[in-house]
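Step one of this worksheet: look at the structure below.
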Amino acid sequence: MKKILKYGLLLLVLALVYVVYTNYPRLDIITGFSAKSVCSCTFEAGRDLKSIEEGDNDIDMVNYATNKINFEEKSVTSTVFGLKKRKAVYKEGVGCVLLPEKSSKEALTFHKPNRKISQSSLPYPYGNSPQKDSIFNNINYDVLDMAVENAFDCEGYEQKNRTRAVVVLYKDQVIAEKYAKGFSRETKLLGWSMTKSITSAVLGVLEKQGKISLSQNKLFREWEKDDRSKITLNNLLQMNSGLEWTEDYNTISDVTKMLFLEADMTKPQLFKSLMGQPNKSWNYSSGTTNLLSGFIRNQFKTHQEYLDFWYAELIDKIGMNSMVIETDLAGNYVGSSYSWATARDWAKFGLLYLHKGNWNGAQILNESWVTYSATSTNGSNGEYGAHFWLNAGGKYPNVPKELFSCNGYQGQHVFIIPSKDLVIVRFGLAENPEFDVNIFLSEVLDAIK
């Protein structure tokens, strides 16, 4: 018996050594992801470690990480079997920032945006008071409630859909809303790549103010002496620049190195070479969005002006007061990936686009910018516009082709269906096809005649 236990223990040790050896080059990214995730979910969303590790960090290899929260310092340290220690620290106003190895919080200087949040007495969505409920005769509420219920998993059964929040708005009215256990309408949720659509909207505000144009080129001085000078702002917004980039979250790729190793995330795409021809080489790239964050920074004389603009001219203007966009170590907004807000505030962003850039009478974006955002990009097969996803190619066959949406990793969505006057928000941990978006949306639409 002792011999069996001895050999069993030896095999276990050898298995652990093999796992560490084969994944050692990825450990920086694994522990970086874990530290950043636990830090943001703890200090931005107010969640407990158990739910974070069993939900957000329940990803292959990331689940090997051990996480320690320092509530006094507001930091999280993560390791895998004691190796590759990474730390993320929280700073109010800019969320959690992942530090390089051997960095200390004391050596850092954080700048945060100045925010002027007004408390409007108007009912939701245009103010902070409860909405005035209306009953729409053309809605079958039993069918609608069942459609929303079907998006969630039944407690005690297989967790397949893994939905956390659903909010359905019709004619500016919340007609259905549901949250998973442990989540509520006050819980901030990570939008992941839905943040790209926020970045696009900030550029739309600058365009309305006459400070930028879609056709402008020579966007960065580093590009002035080569063919990259021909890349236009439109090319970047449509992910059609022709620049080299690999967007693969399962390997050490351009995107994982950027998010978990880079101090300044506006730089990686800046120094990539042209691999294709602008407007003929569609390639989805988080690096491009963070490059655009850097482009936005260049429109301002000071960093404080850059930090303030996103909130003063867009986010707080439409009452997304819960939203926080996190910065990188250099203080730039991570426009590709890191924004947090409640599901109801995400719905407000959808309403801005549903109403063609108008917010309760104030034109935040030009109507033409919204049309442009929902216009198909060359080479995307009708799936992509200007930092928005489209259904023009019929990806969701039972849903109107006019649908456009903000999409994020693991199935974060703000769906906009103009002809139906609908905004549908869904957050979760499973994405299409595991979570069948076509069925979900079509069931909601079936309830509205």
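The values are calculated or read from the model by the stated rules, or taken from the named source; none is laboratory data. Not measured: the values here are computed from a predicted model. Note that each Cβ is placed from the backbone with ideal geometry, even for glycine, and that neighbours are counted across all protein chains shown.
The set of residues from region 200-237 being at positive phi and among the basic types (Lys, Arg) comprises just one member, Lys218.
Residues are listed down the side, and each one gets a yes or a no for (1) part of a helix (DSSP H, G or I); (2) crowded, with 16+ Cβ neighbours inside 10 Å:
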site: Ser229; (1), (2): yes, no
site: Asn240; (1), (2): no, yes
site: Trp245; (1), (2): no, yes
site: Asp248; (1), (2): no, no
site: Ile252; (1), (2): no, no
site: Lys267; (1), (2): no, yes
site: Leu270; (1), (2): yes, yes
site: Asn279; (1), (2): no, yes
site: Tyr284; (1), (2): no, yes
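Among the residues of region 421-431, are any surrounded by fewer than 20 Cβ atoms within 10 Å (Cβ to Cβ) and in contact with a Ser or Thr (Cβ under 7 Å, 6 or more places away or on another chain)? Checked region 421-431: no residue is surrounded by fewer than 20 Cβ atoms within 10 Å (Cβ to Cβ) and in contact with a Ser or Thr (Cβ under 7 Å, 6 or more places away or on another chain). Put simply, of Lys84, Lys50 the only residue that is at pLDDT 90 or above and part of a strand (DSSP E or B) is Lys84. Looking across region 114-160, the residues that are surrounded by 10 or more Cβ atoms within 10 Å (Cβ to Cβ) and among the acidic types (Asp, Glu) come down to Asp145, Glu149, Asp153.
Restricting attention to region 292-351, and to residues there that are out of contact with any strand residue (DSSP E or B) (no Cβ under 9 Å at 6 or more places or on another chain) and among the acidic types (Asp, Glu), which single residue is surrounded by the most Cβ atoms within 10 Å (Cβ to Cβ)? Among residues in region 292-351 that are out of contact with any strand residue (DSSP E or B) (no Cβ under 9 Å at 6 or more places or on another chain) and among the acidic types (Asp, Glu), the one surrounded by the most Cβ atoms within 10 Å (Cβ to Cβ) is Asp345. For region 303-317, taking the residues that are under 11 Å from Ile117 (Cβ atoms) and among the aliphatic types (A, V, I, L, M), the one that is farthest from the chain's Cα centre (by Cα) is identified as Ala312. With respect to the stated conditions, Leu144 fails to be outside any helix (DSSP H, G or I) and either closer than 17 Å to Gly335 by Cα or of a type outside the set (Ser, Thr, Tyr) (or both).
Residue under question is Ala45, and the condition is that it be touching a residue at least 60 places away in the same chain (Cβ under 8 Å) and outside the structural domain of Phe349 (by TED's automatic domain parsing); does it hold? Yes; evaluated as a whole, the condition is true for this residue. So how many residues does region 407-442 have that are under 16 Å from Asn391 (Cβ atoms) and of a type in the set (Asp, Glu)? Number of matching residues: 2.
State whether one or more residues within region 432-447 are β-branched (Val, Ile, Thr), buried (at least 23 other Cβ atoms within 10 Å of the Cβ) and under 15 Å from the mean Cα position of the chain (by Cα). Among the residues of region 432-447, not one is β-branched (Val, Ile, Thr), buried (at least 23 other Cβ atoms within 10 Å of the Cβ) and under 15 Å from the mean Cα position of the chain (by Cα), which makes the answer no. Does any residue of region 274-293 turn out to be more than 14 Å from Leu329 (Cα to Cα), charged (D, E, K, R) and free of Cβ contacts under 8 Å to residues at least 60 places away in the same chain? Scanning region 274-293, I find no residue that is more than 14 Å from Leu329 (Cα to Cα), charged (D, E, K, R) and free of Cβ contacts under 8 Å to residues at least 60 places away in the same chain, so the answer is no.
From the list Ile198, Ile175, the one residue that fits, being buried (at least 22 other Cβ atoms within 10 Å of the Cβ), modelled with pLDDT of 95 or more, not in a loop (DSSP other than H, G, I, E, B) and not assigned by TED's automatic domain parsing to the domain that holds Gly350, is Ile175. Elements of the type strands (runs of 3 or more DSSP E) sitting completely within region 342-449 and holding at least 3 residues that are farther than 22 Å from Gly204 by Cα: these cover 422-428.
Any residue that is within 16 Å of Arg426 (Cα to Cα), assigned to a strand (DSSP E or B) and out of contact with any Cys (no Cβ under 9 Å at 6 or more places or on another chain) - is there at least one of those in region 181-195? Taking every residue of region 181-195 in turn, at least one turns out to be within 16 Å of Arg426 (Cα to Cα), assigned to a strand (DSSP E or B) and out of contact with any Cys (no Cβ under 9 Å at 6 or more places or on another chain). If you go through region 154-185 and keep only what is of a type in the set (Asp, Glu) and under 27 Å from Lys420 (Cα atoms), you end up with Asp172, Glu177.
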